[in-house]
1. Taking interchain pairs and intrachain pairs at least six residues apart, which have beta carbon atoms under 6 angstrom, with the first residue in segment 48-62 and touching a residue at least 12 places away in the same chain (Cβ under 8 Å) and the second away from the ligand (no atom under 15 Å from the Cβ) and open to solvent by 20 Å² or more (accessible area, probe 1.4 Å)?
2. Have a look at Ala100, Ala13, Ala41, Ala73 and point out the one that is within 18 Å of Pro340 (Cβ to Cβ) and not basic (Lys, Arg).
3. Somewhere in segment 19-31, is a residue out of contact with any strand residue (DSSP E or B) (no Cβ under 7 Å at 6 or more places or on another chain) and not in a loop (DSSP other than H, G, I, E, B)?
4. Can you find, within segment 39-60, the residue that is most open to solvent (accessible area, probe 1.4 Å) among those that are of a type in the set (Val, Ile, Thr), farther than 24 Å from His21 by Cβ and within 14 Å of the ligand (Cβ to nearest atom)?
5. On the basis of being of a type outside the set (A, V, I, L, M, F, W, C), out of contact with any strand residue (DSSP E or B) (no Cβ under 7 Å at 6 or more places or on another chain), without any contact (Cβ under 8 Å) to a residue 24 or more places away in the chain and within 30 Å of Arg260 (Cβ to Cβ), does Gly201 make the cut?
6. Only one of these is within 21 Å of Arg187 (Cα to Cα), among the aliphatic types (A, V, I, L, M) and modelled with pLDDT of 95 or more: Ile59, Ile23. Name it.
7. Going through segment 201-244 one residue at a time, which ones are closer than 18 Å to Gln167 by Cβ, part of a loop (DSSP other than H, G, I, E, B) and open to solvent by less than 40 Å² (accessible area, probe 1.4 Å)?
8. Can you tell me which residue among Ala111, Ala85, Ala73 is in contact with a helix residue (DSSP H, G or I) (Cβ under 6 Å, 6 or more places away or on another chain), at pLDDT 95 or above and aliphatic (A, V, I, L, M)?
Amino acid sequence: MLINQIGSRVKNACNLTGTTHPIWLAPMAGVPSVELSANIANSGGMASCGTILMQPEAITQWCQSFKSRSKGALQLNIWVPDAAAQRNIAQEQKMREFLANWGPEVDNEDANLTPPNFDDQFDAMVAQAPTLISSSMGLFSQQQIARIKSAGILYSATVTTVKEAIQANKTGCDLIIVQGSEAGGHRATFKQEEAQSVCVGLLSLVPQVVDVVSCPVVAAGGIADARTTFAALALGASAVQIGTGFLRCPEAGIPEAWAREIASTRPEDTTLTKGFSGRLGRSIRTDYVHALEADGLTPCPYPVQRGLTGKMRSTAAKQNDIKGIQAWAGQSAMLARNAPADEIALRIWNEVHASLIGS
Ligand SMILES: Cc1cc2nc3c(=O)[nH]c(=O)nc-3n(C[C@H](O)[C@H](O)[C@H](O)COP(=O)(O)O)c2cc1C
């Protein structure tokens, strides 16, 4: 019975999205590898691109480059914008002094990071007509959702609680992405003040979201192999999104030091930190993350902290030095394999599929 339900859920999600298997690439801003996306899409899964850091022209170029390599399914993802940050010059000064121990001197102006214009990014995404556009950190407005749908694009929101799932469901999502607290990268929580205090794991979250929403659910967080995929599908998910599990793929192109560290990162070696951007995300507990925790210094709000850490992060990435790299990773980091992404996705799906039909 359970096996039949899994099979029909997966089939529905694949039919809806034009995919042939449910192992999808999680959107990962800062890892904009067209090749990684194309390999997943060409294997029959859904590719993705996290566009939050990209100027509109870069979004257009990325999509064109993807389309020249794959005709497969594509998700574009963006964060719902925040109110302007409350600046605290004394806090910024202390943070600049701290960061000077971890990279080049930080200038006053580094704090003045201006994110790309959301409306222009949104226009660029809709113009590219991907399979799906998803929000993180909140919901799009009804007007924006209507634009997505009238362009024939599927719409999805990322949620981290049952309450958020109910809100998302009311907006008429075609799919709901459920992000468990195991997940690598930023937590997609609607209210940032709840991101730390309300941390729900995927085992509790997926079935209870499935019970209250009327669309298929995509599970993300800690999924990286056939066992974790099968578990998420058994809990009620119709597809899975894998982030960290694809970061060791050669085509992901991340610094070798980060990829190497992922291979030996146990669940307890990751932690939630605001130290890179000012927003909470799950990272490897690197020396920098550990020192910031130990120092007790409060990170500046987003995007000020992101601006202040920019030089440290880019220098460390160039120097392949894990100490200052923004080393996002989920709690299943050690399950990530160093192999081409299409091979990993198909290996996982073949194993799960064999269990589904073999019973
Ligand atoms: C490097 C990195 C960047 C990420 N960027 C985004 C993003 O731009 N938008 C988003 O919704 N989620 C982002 N995430 C979260 C993923 O979409 C996904 O929820 C997470 O990777 C799932 O957990 P896993 O890493 O254990 O597979 C990011 C995750 C990582 C590891």
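1. Pro56/Asp120
2. Ala41
3. no
4. Ile52
5. Judged against the criteria, Gly201 is a match.
6. Only one candidate passes the filter, namely Ile23.
7. Val213, Cys215, Pro216
8. Only one candidate passes the filter, namely Ala73.
The values are calculated or read from the model by the stated rules, or taken from the named source; none is laboratory data. From a predicted model like this one, the values you see are computed outputs, not experimental measurements. Cβ atoms come from the backbone with ideal geometry, glycine included; neighbour counts cover every protein chain shown. Accessible surface is based on the protein model in full, side chains and every heavy atom, while ligands, DNA and RNA are left aside. Shrake-Rupley method; radii C 1.70, N 1.55, O 1.52, S 1.80 Å.
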